[in-house]
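Participant: One structure, as structure tokens, below. Some questions next.
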Amino acid sequence: MSEKIKKIAVLTSGGDSPGMNAAIRAVVRSCSYKGLECVGVFRGYEGLIEGDFKELNARSVKNIINRGGTFLKSARSKEFFTKEGRQKAFENLKNANIDALVVIGGGGTFAGASVFMEEFKFPIVGLPGTIDNDINGTDYSIGYDTALNTVVEAIDKIRDTANSHNRLFLVEVMGRDAGDIALNAGIGAGAEEILIPEQDMGKERLIESLQRSKKSGKTSSIIVVAEGDQIGKNILSLAKYIEENLKGYEVRVTVLGHIQRGGAPSCYDRVLASRLGVGAVDALLRGEQNVMIGIVHKKVTSVPFSDTIKGKNELDLELIRVADITSV
Ligand code: F6P
């Protein structure tokens, strides 16, 4: 056990995701359990630069496991990407006698942490918190499962009205450059077509496929479009193109937007966040740093930040086959 670590700070950075509160709670309670002090940093790296800190104990994090968002608030800090900003952050950490930091966020958060670590040799451990599930080195990120459930619930409702009016709906979902949300929620909601950045379908093939569906007796359709998909990038012009090339359907567009980021975390996300939060403090006490704590094949695992930043968590292409077969 690392003798040096007596006080740990925790922050959330980047886009919020459901389960971040559960992760903070697990870090704080793990510190409490192990007799360490814990400090919450507000507004991510912005708060680190401004010294916006608050001492947290086991009771400070009561009644938050069930709450979406992050009570520590989050930000995407531009100043942290300057040397001066990081210098101020380091001085604030030193002045508050903080020995190590847990950062909860996505790729941008880990990139910032990695530079900071290199400059100041300050121990940092990361937790994957993003609905996009686009981080290398973990099977799932905190918030992804909840976002999937939110999307499926929304599409179930859209299906009711699509079916009543014999309409075709384009439903745009988040995910940045990754198609994980679109593909999994699309299968779960029984979508006819799923457009993802990892696979270029092309507009012509899309129309052919929709025509086949129509011939087979379908009277309405749901097309899930990942925000990062090339042909879905301008969803309104895609809607126009479909209306012009596929007769007999009225087309409507729904952009689900930020409702995908909110809401109470699912049980899966609460448990994942709790396991990873405990794992982060364990890792720091083992002397690990510059790593993300992820989940791989059900096991809590440490992955160097450099590996998480390299590429995105690979999409399971078998899912595309499943989507094709089940939407026939
Ligand atoms: O990374 C999470 C995410 O919600 C992406 O899916 C989306 O592209 C982006 O953040 C939206 O960012 P903002 O909240 O800054 O609009």
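Participant: Output the residues belonging to the stretch 204-236 that are under 16 Å from Glu172 (Cα atoms) and touching a residue at least 40 places away in the same chain (Cβ under 8 Å).
Facilitator: Result: Ser221, Ile222, Ile223, Val224, Val225, Ala226, Glu227, Gly228, Asp229, Gly232, Ile235.
Participant: Mind listing whichever residues of the stretch 212-238 are of a type in the set (S, T, N, Q) and in a loop (DSSP other than H, G, I, E, B)?
Facilitator: Scanning the stretch 212-238 gives Ser216, Thr219, Ser220, Gln230, Asn234.
Participant: Considering only residues of the stretch 254-277 that are within 30 Å of Leu236 (Cα to Cα), surrounded by fewer than 16 Cβ atoms within 10 Å (Cβ to Cβ) and not small (Gly, Ala, Ser), which is farthest from the chain's Cα centre (by Cα)?
Facilitator: Filtering first and then ranking leaves Val255.
Participant: Give me the residue from the stretch 65-85 that is of a type in the set (A, V, I, L, M) and more than 13 Å from the ligand (Cβ to nearest atom) and, out of that set, surrounded by the fewest Cβ atoms within 10 Å (Cβ to Cβ).
Facilitator: The qualifying residue surrounded by the fewest Cβ atoms within 10 Å (Cβ to Cβ) is Ile65.
Participant: Moving on. Please indicate, with yes or no, whether at least one residue in the stretch 6-20 is at pLDDT 95 or above, surrounded by fewer than 17 Cβ atoms within 10 Å (Cβ to Cβ) and more than 16 Å from the ligand (Cβ to nearest atom).
Facilitator: yes
Participant: Of these, Tyr249, Tyr268, Tyr241, which one is modelled with pLDDT under 95 and among the aromatic types (Phe, Trp, Tyr)?
Facilitator: Answer to the selection: Tyr249.
Participant: Does Ser30 satisfy the criteria of being open to solvent by 40 Å² or more (accessible area, probe 1.4 Å), out of contact with any strand residue (DSSP E or B) (no Cβ under 6 Å at 6 or more places or on another chain) and within 23 Å of Leu284 (Cα to Cα)?
Facilitator: no
Participant: Of the residues Ser77, Ser17, which single one is touching a Phe, Trp or Tyr at 6+ places or on another chain (Cβ under 7 Å), outside any helix (DSSP H, G or I) and closer than 29 Å to His258 by Cα?
Facilitator: Step by step, each of Ser77, Ser17 is checked, and only Ser77 is touching a Phe, Trp or Tyr at 6+ places or on another chain (Cβ under 7 Å), outside any helix (DSSP H, G or I) and closer than 29 Å to His258 by Cα.
Participant: Then there is this: Can you list residue pairs whose Cβ atoms sit under 9 Å apart, with the first residue in the stretch 237-263 being away from the ligand (no atom under 16 Å from the Cβ) and the second being aliphatic (A, V, I, L, M) and in a loop (DSSP other than H, G, I, E, B)? Count only pairs 6 or more apart in sequence or on different chains.
Facilitator: Taking only residues 6 or more apart or on different chains, the pairs are Leu238/Ile231; Tyr241/Ile231.
Participant: Any chance the stretch 289-298 includes a residue that's within 19 Å of the chain's Cα centre (by Cα), open to solvent by 50 Å² or more (accessible area, probe 1.4 Å) and not β-branched (Val, Ile, Thr)?
Facilitator: Yes, the stretch 289-298 contains at least one residue that is within 19 Å of the chain's Cα centre (by Cα), open to solvent by 50 Å² or more (accessible area, probe 1.4 Å) and not β-branched (Val, Ile, Thr).
The values are calculated or read from the model by the stated rules, or taken from the named source; none is laboratory data. If you're wondering where the values come from, they're calculated on a predicted model, not measured in any experiment. A quick note on method: Cβ atoms are made from the backbone with ideal geometry, for glycine too, and the neighbour counts reach across all protein chains shown. When the accessible area is computed, the model is the full protein with side chains, heavy atoms only, and any ligands, DNA or RNA have been set aside. Shrake-Rupley method; radii C 1.70, N 1.55, O 1.52, S 1.80 Å.
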